[in-house]
Amino acid sequence: MQTKLRQIKRILNTAALSCCVLLAVASALPTLAETPTFPLSYAARLTQSSGAPVEGPVSSEARFYQTDVGGSPLGRVFSFNDISASQGVLSLNFDLTASEIEAIFGDGSQPVYIELTVGGKTYPRQQFSFV
C-alpha cells in the first residue's frame, strides 16, 4: 500500500512540476499583441495632374518593390486613411514587424522602391533610402 502511495505521490509531483514548467514557458512566449514592431517613416510631396499640390485628408496605399518598374510587391499593401496633406506634403508612418522588414529589405544589399497610390493616382516609384 505504501509503495502505491509513493508512486501516486511521485506521479502527482511530476505532474505539478510539468504544469509549472508549461506555465512558465507559455507566459514567456510573446502574444500576437506583443509582437514588436519597428517604426518607419516616409515623406513625399505629391501634385495633381495639373501641377497643383495635393491637399486635405487623403487615403493612400503604399507598396514596396525591388525594381523601379514592373515586378511584384515585396510584402503586403499598406493602406492609410485620412492622411493630412498640406501643400502636397504628406508623411506615412509604418509599423513593420521583423518578418515584414525581412520581406521588404532582405539583407539590405538590393535597392527598394516605394510606390504610392493616392486618390486613385499611382505615382512613379521612388528609391527608398534609409538612415
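A quick yes/no check of all residues on (1) at pLDDT below 90; (2) touching a Pro at 6+ places or on another chain (Cβ under 6 Å); (3) within 15 Å of THR122 (Cα to Cα); (4) of a type in the set (Val, Ile, Thr):
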{"position": "ALA26", "(1), (2), (3), (4)": "yes, no, no, no"}
{"position": "LEU32", "(1), (2), (3), (4)": "yes, no, no, no"}
{"position": "TYR42", "(1), (2), (3), (4)": "no, no, no, no"}
{"position": "SER49", "(1), (2), (3), (4)": "yes, no, yes, no"}
{"position": "VAL58", "(1), (2), (3), (4)": "no, no, yes, yes"}
{"position": "THR67", "(1), (2), (3), (4)": "no, no, no, yes"}
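Looking only at the stretch 78-131, count every residue that is assigned to a strand (DSSP E or B) and charged (D, E, K, R) and tell me the total.
Final tally of qualifying residues: 4.
Could you give every pair whose Cβ atoms fall below 8 Å, whose first residue belongs to the stretch 82-94 and is within 20 Å of PHE38 (Cα to Cα), and whose second residue is of a type in the set (Asp, Glu) and open to solvent by less than 30 Å² (accessible area, probe 1.4 Å), counting only separations of at least 6 or pairs across chains?
Taking only residues 6 or more apart or on different chains, not a single pair turns up.
Is one or more of the residues making up the stretch 56-64 surrounded by 16 or more Cβ atoms within 10 Å (Cβ to Cβ), of a type in the set (Val, Ile, Thr) and outside any strand (DSSP E or B)?
No.
The values are calculated or read from the model by the stated rules, or taken from the named source; none is laboratory data. All values derive from a computational prediction rather than experimental measurement. Neighbour counts run over all protein chains shown; Cβ positions are idealised from the backbone, glycine included. Ligands, DNA and RNA are stripped out before the accessible areas are found, and what is left, the full protein with its side chains, is counted by its heavy atoms. Shrake-Rupley method; radii C 1.70, N 1.55, O 1.52, S 1.80 Å.
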